Amino acid sequence: MKEAKTLTCCECNQEFAFTASEQEFYEEKGFTNEPRRCPACRQARKQRMGGGERPPREMYPAVCAECGVETMVPFRPSMDRPVYCRGCFNARKG
């Protein structure tokens, strides 16, 4: 089992722990480099870079081709293809 490592932040020069669970997460995601910033500097950088979040998706109204319920979908429906609500879509997918 991995042990926590103590790393130094490249921005504030404070030491921070790179825990065993964080190391496992990095390996799972295929990241090869250790984090260079402490959690506080990482969060501040995300805020400076636009929050690190995508803008909300534009949603469009539609009627499910399977059950007829009104729903919202993240794409503009076209008349030549059926549109499904989340429940019917997941049932068809599985």
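The values are calculated or read from the model by the stated rules, or taken from the named source; none is laboratory data. This one's a predicted model, so the numbers in the text were calculated from it and none came from an experiment. Using ideal geometry, Cβ is built from the backbone for each residue, glycine included, and neighbour counts are taken over all protein chains shown. Just so you know, the surface numbers come from the protein's heavy atoms only, side chains and all, with ligands and any DNA or RNA stripped out. Shrake-Rupley method; radii C 1.70, N 1.55, O 1.52, S 1.80 Å.
Measuring from centroid to centroid over Cα atoms, what is the spacing of segment 60-87 and segment 21-51 in Å?
Cα centroid to Cα centroid, the span is 38 Å.
For segment 66-80, what does the Karplus curve 6.51 cos²θ - 1.76 cosθ + 1.60, with θ = phi - 60°, yield as ³J(HN,Hα) per residue in whole Hz, taken in order and with x for Gly and Pro?
Whole-Hz 3J(HN,Hα) from phi for segment 66-80: 8, 10, x, 6, 6, 9, 10, 10, x, 8, 7, x, 10, 6, 8.
Probe 1.4 Å, all protein chains in place: accessible area of M59 in Å², nearest 10?
90
Taking the mean number of other Cβ atoms within 10 Å as a proxy for protection, how do you rank 3-9, 44-50 from highest to lowest?
Values: 3-9: 12.1, 44-50: 10.6.
My ranking of the peptides, most packed first, is 3-9, 44-50.
Given the DSSP H assignment, sum -39500 (n - 2.57) over each helix run of at least 4 residues in the chain and divide by its residue total; what's the result at 222 nm in deg cm²/dmol, nearest 500? Could the numbers behind the result be given before it?
Values: 3 runs with 28 residues, N = 94.
Calculated from helices alone, the mean residue ellipticity at 222 nm is -8500 deg cm²/dmol.
As an exercise, identify the GluC sites (Glu not before Pro) in segment 34-94 lying in DSSP coil whose Cβ has no more than 13 other Cβ atoms within 10 Å. Intermediate results must be reported in sequence, preceding the final value.
Values: sites: E53, E58, E66, E70; in loops: E53, E58, E66.
For GluC sites (Glu not before Pro) across segment 34-94 that sit outside H, G, I, E and B with at most 13 neighbouring Cβ atoms in 10 Å, the list reads E53, E58.
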